[in-house]
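K.L.:
The structure under discussion is supplied below as structure tokens; questions concerning it will follow.
Read-outs: derived from the displayed coordinates by stated rules, not from any lab. A quick note: this is a predicted structure, and the numbers were derived from the prediction, not measured. All Cβ positions, glycine included, derive from the backbone under ideal geometry; neighbour counts span all protein chains shown.
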Amino acid sequence: MATYASVLDSIGGTPLIRLTRAAGTLRPRVYVKPEWQNPGGSVKDRAALAMLRRAEADGSLRAGGTVVEVTSGNTGIGLALAAAHLGYRAVIFTSSSIAREKQDQLTAYGAELRLVDAFVPRDHPDSLRSKGEQFVAETPGAWLAQQYDNPANPAAHYASTGPEVWADTDGAVTHFVATVGTGGTISGTGRYLKEVSGGRVRVIGADPVTSSYSGGDGSQKYIEGAGHFVHPEAAVDVWPQALDVDVIDDYVGIEDQEAIDAIRRLARTEGILAGGSSGIALAAAFRIAEGLTADDTVVVLLPDSGRTYLSTYFNDGWLAANGFTGPADRDRPGGPTVGEHAAASPLIERDETVAEALRRLAADGLADDDPVLVAHRRDGRVLAPHHSDIAGCTTPARLRGAATVAETVRPVGVRLGVGLALTDPAVTAWDGADGGIALVLDRGRVTGTVTWRALHREPTLALTEQAG
Ligand code: PMP
């Protein structure tokens with residue numbers, strides 16, 4: 001058993017665990033690297049500590065200073081624990097959409113949490129990034145870690161993660177699979193493994209199928225931390241400097257549902273509880289392993305634990321509410337579902353002309369008040385839209401005579417999963433009254449709409465009959 005001089009010294013040195021059940025009949029050896037064994041619970045402890053130490057060394061962070069970061073959570077946690085240990089103030093800018101458990105962990109370390117939820121491009125003054133930069137500009141002694149562009153981020157993995165994988169496989173690793181958020185993990189680890197193996201190790205980027213890194217449309221997804229989102233109004237798609245695209249040999253695109261399936265299976269067959277981005281990495285690893293031989297050794301980096309996502313990917317209610325399926329669906333009692341009452345609504349874009357929109361809708365033979373989904377512009381869609389890409393709803397009647405599509409759009413706040421039973425609290429609590437419309441989610445994507453009237457027709461009828 002190792003003894004460490006401090007919690008910071010215990011960062012890194014995570015083991016490899018061979019998969020013996022979840023890998024099924026696959027020929028290669030498959031090992032996972034559980035990065036939640038770091039003290040803050042994720043791979044990002046490594047980068048956080050390295051960035052902080054470099055800032056101390058180059059004088060940008062001094063005693064009494066404030067550590068600041070804009071983060072989807074895990075980097076903030078690494079910085080917050082290091083700041084707590086070293087006596088710095090930590091201020092973390094993040095969004096309320098990140099796992100609640102990460103928010104609570106940040107405050108547990110004494111970090112101050114600033115939640116910013118404006119849905120605007122990154123250069124907008126109200127964006128999360130701009131708010132973080134503004135705070136640093138106004139706060140004496142504040143240092144912004146900037147994990148996306150900080151060379152200490154990939155360097156941490158070149159110095160630790162890469163050598164660990166090489167040593168723990170005795171140089172037998174042939175494939176390294178990791179997700180790509182800032183790119184720090186895959187770039188640093190991948191570069192080391194390529195150098196030490198004389199270029200033999202293949203580096204695979206496991207990416208959400210919508211991520212622009214692997215050629216996706218840049219739309220939002222559910223799994224936190226992995227992939228690259230592009231705001232629909234962004235003028236340019238800016239990639240992090242921490243990402244070294246030359247290191248990645250291939251990408252494998254994975255859907256949210258596949259990632260969720262992979263971690264639920266891993267928990268139930270292997271007894272290993274991993275987080276959502278781990279599911280992306282695992283699903284990608286299993287796909288490439290199908291084409292490999294018994295001479296191959298695949299190492300899959302699992303960034304954080306499933307304990308952070310017990311209320312989401314491992315929660316049957318959350319899965320149903322977002323149109324995902326889980327093993328419990330097979331046991332659910334029958335009965336009418338949202339999906340049976342939903343209509344596949346046509347989709348138009350907010351910035352197309354009214355004439356164009358009406359011409360396209362004419363072909364669908366819609367009634368005047370049929371709902372039409374209005375989406376923000378997104379070129380080359382790979383899946384049905386994410387709900388953040390939906391500007392709202394309109395109708396053919398509202399469009400006729402309007403000057404722009406935008407002026408006819410009414411917001412739709414309610415979302416219901418396709419598999420929710422009509423008796424589910426999410427449905428019965430929806431007080432939409434006549435004329436209310438909800439977005440219907442199938443595997444997390446918006447595939448249509450359902451009217452309040454359609455959903456409540458049966459209960460309403462039953463009540464009328466009783467009353468009569
Ligand atoms: N998964 C999770 C859960 C993360 O928080 C991150 C960091 N954003 C990643 C994967 C990706 O790691 P990296 O930034 O090193 O590419």
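K.L.:
So who's got an amide H within less than 5 Å of the one on GLU255, skipping anything under 5 residues away but keeping other chains? H placed 1.01 Å off N, in plane.
P.N.:
VAL209
K.L.:
Here is a further query. How much net charge surrounds ASP296 when only the other residues with a Cβ under 10 Å from the Cβ of ASP296 are counted, with Lys and Arg +1 and Asp and Glu -1? Write out the running numbers ahead of the final one.
P.N.:
On the way: positive: ARG27, ARG29, ARG202; negative: ASP295.
Charge balance near ASP296 sits at +2.
K.L.:
Hey, what do the phi angles of the stretch 154-161 turn into as Karplus ³J(HN,Hα) couplings, whole Hz, using 6.51/-1.76/1.60 and θ = phi - 60°, x for Gly and Pro?
P.N.:
x, 4, 4, 7, 5, 7, 10, 4
K.L.:
Quick one: which of 198-210, 363-375, 175-187, 83-95 comes out on top by average Cβ neighbours within 10 Å, and what's the full order, highest first?
P.N.:
Numbers: 198-210: 21.8, 363-375: 16.0, 175-187: 29.1, 83-95: 20.0.
Highest-to-lowest ranking by the protection proxy: 175-187, 198-210, 83-95, 363-375.
K.L.:
Across 5 Å bins from the origin, how do the percents of Cα pairs in the stretch 338-467 run, short distances first?
P.N.:
Binned Cα distances yield the sequence 2, 11, 20, 21, 19, 13, 8, 4, 2, 1, 0.
K.L.:
Sorted by average packing, counted as other Cβ atoms within 10 angstrom per residue and highest first, what order do 229-236, 217-224 take?
P.N.:
Working: 229-236: 15.5, 217-224: 22.2.
Most protected by this proxy first, the peptides run 217-224, 229-236.
K.L.:
Further, regarding this structure: Which whole number in µm²/s is D for the chain by Stokes-Einstein, with the Kirkwood Rh taken over Cα pairs at 25 °C and 0.890 mPa s?
P.N.:
D = 103 µm²/s.
K.L.:
Excluding ARG29 itself, what net charge comes from residues whose Cβ is under 10 Å from its Cβ, given Lys and Arg +1 and Asp and Glu -1? All intermediate terms of the calculation are to be shown ahead of the outcome.
P.N.:
Numbers: positive: ARG18, ARG27; negative: ASP295, ASP296.
Charge balance near ARG29 sits at 0.
K.L.:
Which ³J(HN,Hα) values in Hz, rounded to whole numbers, follow from the phi angles of the stretch 377-392 under the Karplus curve 6.51 cos²θ - 1.76 cosθ + 1.60, where θ = phi - 60° and Gly and Pro get x?
P.N.:
Calculated HN-Hα couplings, in order: 5, 8, 6, x, 3, 9, 9, 4, x, 6, 5, 6, 8, 9, 7, x Hz.
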